[in-house]
Amino acid sequence: MKVKAAVAHAPQQRLTIEQVDLEGPKAGEVLVEIKATSVCHTDAYTLSGADPEGLFPAILGHEGAGIVAEVGPEVKSLKPGDRVIPLYVPECRHCKFCLSGRTNLCQAIRKTQGQGMMPDGTSRFSVGGTRLYHYMGTSTFSNYTVVPEIALAKIREDAPLDKVCLIGCGVTTGIGAVINTAKVRVGDNVVVFGLGAVGLNVIQGARLSGANMIVGVDINPGKKAIAEKLGMTHFVNPKEVEGDLVPYLVDLTDGGADYAFECIGNVNVMRQALECCHKGWGTCVIVGVAGAGEEISTRPFQLVTGRTWKGTAFGGVKGRTELPKIVDWYMDGKIILDDFITQVMPIEEINTAFELMEEGKAIRSVLTF
Ligand code: APR
Ligand code: ZN
């Protein structure tokens, strides 16, 4: 079939809206009509050419929501008309990782997903006879996409897709980091570095968990108002702190954070996030993604004295099992999504969405088809 997609032909080039050929779903695959997708930093990172695993030409996009249009042979858990959120971290429920009970990092289709291919090693997308790569197993910058059954979370019928698309990445990453990875408890003091979509969702996850102090750290004071609305209790702008930031934060939190979250992807801030943790038990969770090849450092004494450094991808969330619950939280008013959507625009304006993100003018732009 012919579909409308934003094609990334090469690094640093503007995306072009084109009619693309899409083959139907094969065994274990599902054709999804994407109704809304947002743009995330990972898309921009790949498009910049800095991502060593980036493949071109490709159809990017991984934060979307849609409706099942057709299922391939052997698909059992989904039927046409089901509302779904594509998962860049799938959940096969059979592999060693899924069965471990210790991680959400299902490896069932990891290899082919990293190669920009469907699990059978081929692509469903092409244009003028040229093969296009899939991206993160999702390729949501297209009004139709083919996704493996194990990479689709079925959600409730009444969920507004132009809002819950955010649950496909940033929202889940932030809230999951608090609830699944850190397991913040009532009364804990939390410090959050970086108040973009990810950090703001750490804040609302911390609020949900009953945290005591929720300290937001950002060099952009423009983030203060929305962060407060989501539950931040104290705002710290590092540019306005006299002296070193770490002792300032340790003092503010009466000895250090029970949990600190790095939501920027800056290796220097990752060190600050660890070192502002409470002696004896404080845990730093790395959520932001640093550039390829970058390294973190600290004095080992920081760990010997009881601090823990850990990380999380997609908030440690098993998508097929847990996303329906996060959608319920939104529908029940327990979490906010609408305030993250700073722009809504047609897919034709996708390059503008990228520009707004680069300029820091968007939390999330939602593109509709
Ligand atoms: N100290 C404090 N705050 C900073 C610093 C710094 N040194 N550098 C940047 N920030 C702030 C920015 O002002 C911005 O508000 O961090 C925030 C980052 O937000 P976004 O750029 O909107 O990023 P977001 O979408 O939240 O993603 C954050 O998670 O998924 C990953 O790849 C993504 O690594 C990125 C991170
Ligand atoms: Zn698995």
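With the structure loaded, tell me whether residue 91 is within 16 Å of ligand 2 (Cβ to nearest atom) and in contact (Cβ under 8 Å) with a residue 24 or more places away in the chain or whether it fails that test. Steps first, please.
Working: within 16 Å of ligand 2 (Cβ to nearest atom): yes; in contact (Cβ under 8 Å) with a residue 24 or more places away in the chain: yes.
When the stated conditions are applied, residue 91 passes them.
Residue count for segment 23-34 under the criterion of being under 23 Å from residue 171 (Cβ atoms) and surrounded by 19 or more Cβ atoms within 10 Å (Cβ to Cβ): the result is 3.
Could you grab me the full set of residues in segment 132-149 that are more than 18 Å from the chain's Cα centre (by Cα) and either under 23 Å from residue 73 (Cβ atoms) or among the β-branched types (Val, Ile, Thr) (or both)? Even if it seems obvious, please write down each step before you answer.
Step one: of segment 132-149, the residues more than 18 Å from the chain's Cα centre (by Cα) are 132-133, 142-146, 148-149.
Hits for segment 132-149 are 142, 144, 145, 146, 148, 149.
Condition check for residue 101 on (1) more than 25 Å from residue 35 (Cβ to Cβ); (2) more than 16 Å from ligand 2 (Cβ to nearest atom): one failure, at (2).
Examine segment 114-124 for a residue that is among the hydrophobic types (A, V, I, L, M, F, W, C), more than 16 Å from ligand 2 (Cβ to nearest atom) and without any contact (Cβ under 8 Å) to a residue 24 or more places away in the chain, and state whether such a residue exists. Write out each step before concluding.
Taking segment 114-124 and keeping what is among the hydrophobic types (A, V, I, L, M, F, W, C), we get 117-118.
If we keep only those that are more than 16 Å from ligand 2 (Cβ to nearest atom) too, we end up with 117-118.
Checking which are without any contact (Cβ under 8 Å) to a residue 24 or more places away in the chain leaves us with 117.
Yes, some residue in segment 114-124 is among the hydrophobic types (A, V, I, L, M, F, W, C), more than 16 Å from ligand 2 (Cβ to nearest atom) and without any contact (Cβ under 8 Å) to a residue 24 or more places away in the chain.
On the basis of being under 17 Å from the mean Cα position of the chain (by Cα) and under 26 Å from residue 190 (Cβ atoms), does residue 288 make the cut? Spell out the reasoning first.
Working: under 17 Å from the mean Cα position of the chain (by Cα): yes; under 26 Å from residue 190 (Cβ atoms): yes.
Yes: the conditions hold for residue 288.
Taken over segment 110-125, the criterion of being more than 22 Å from residue 67 (Cα to Cα) and either in contact with a strand residue (DSSP E or B) (Cβ under 8 Å, 6 or more places away or on another chain) or loosely packed, with under 15 Cβ neighbours inside 10 Å (or both) is satisfied by 111, 114, 115, 116, 120, 121, 122. Considering (1) surrounded by fewer than 21 Cβ atoms within 10 Å (Cβ to Cβ); (2) closer than 30 Å to residue 94 by Cα; (3) not polar (S, T, N, Q), the lone condition that residue 288 does not fulfil carries the number (1). Selection over segment 43-53 of residues that are surrounded by fewer than 19 Cβ atoms within 10 Å (Cβ to Cβ) and at negative phi gives a count of 7. Going by the structure shown, is residue 164 away from ligand 1 (no atom under 16 Å from the Cβ) and in a strand (DSSP E or B)? It is false that residue 164 is away from ligand 1 (no atom under 16 Å from the Cβ) and in a strand (DSSP E or B). Within segment 325-337, is even one residue open to solvent by 40 Å² or more (accessible area, probe 1.4 Å), farther than 30 Å from residue 358 by Cα and among the acidic types (Asp, Glu)? Checking segment 325-337: at least one residue is open to solvent by 40 Å² or more (accessible area, probe 1.4 Å), farther than 30 Å from residue 358 by Cα and among the acidic types (Asp, Glu). When residue 258 is tested against the conditions (1) surrounded by fewer than 23 Cβ atoms within 10 Å (Cβ to Cβ); (2) under 18 Å from the mean Cα position of the chain (by Cα); (3) of a type outside the set (Lys, Arg), the lone failure is (2).
Consider residue 88 carefully, then state whether it is within 16 Å of ligand 1 (Cβ to nearest atom), open to solvent by 30 Å² or more (accessible area, probe 1.4 Å) and not acidic (Asp, Glu).
Numbers: within 16 Å of ligand 1 (Cβ to nearest atom): yes; open to solvent by 30 Å² or more (accessible area, probe 1.4 Å): yes; not acidic (Asp, Glu): yes.
Against the criterion (within 16 Å of ligand 1 (Cβ to nearest atom), open to solvent by 30 Å² or more (accessible area, probe 1.4 Å) and not acidic (Asp, Glu)), residue 88 qualifies.
Out of curiosity, is residue 269 outside any helix (DSSP H, G or I), within 12 Å of ligand 1 (Cβ to nearest atom) and aliphatic (A, V, I, L, M)? Give the steps one after another, and end with the answer.
On the way: outside any helix (DSSP H, G or I): no; within 12 Å of ligand 1 (Cβ to nearest atom): yes; aliphatic (A, V, I, L, M): yes.
Answer is no for this residue.
Contact map, segment 41-52: residues that are near ligand 1 (Cβ under 9 Å from one of its atoms) paired with residues that are in a loop (DSSP other than H, G, I, E, B), Cβ distance under 6 Å, separation 6+ or inter-chain. Pairs shown: 45/51.
Candidates are the residues of segment 150-208 that are open to solvent by 30 Å² or more (accessible area, probe 1.4 Å) and of a type in the set (Val, Ile, Thr); the one that is nearest to the chain's Cα centre (by Cα) is 198.
The values are calculated or read from the model by the stated rules, or taken from the named source; none is laboratory data. Everything numeric in this text was worked out from a predicted model, so none of it was measured. Positions of Cβ are generated from backbone atoms using ideal geometry, with glycine treated the same way; all protein chains shown enter the neighbour counts. Just the protein is used for accessible areas: all its heavy atoms, side chains included, with ligands, DNA and RNA removed. Shrake-Rupley method; radii C 1.70, N 1.55, O 1.52, S 1.80 Å.
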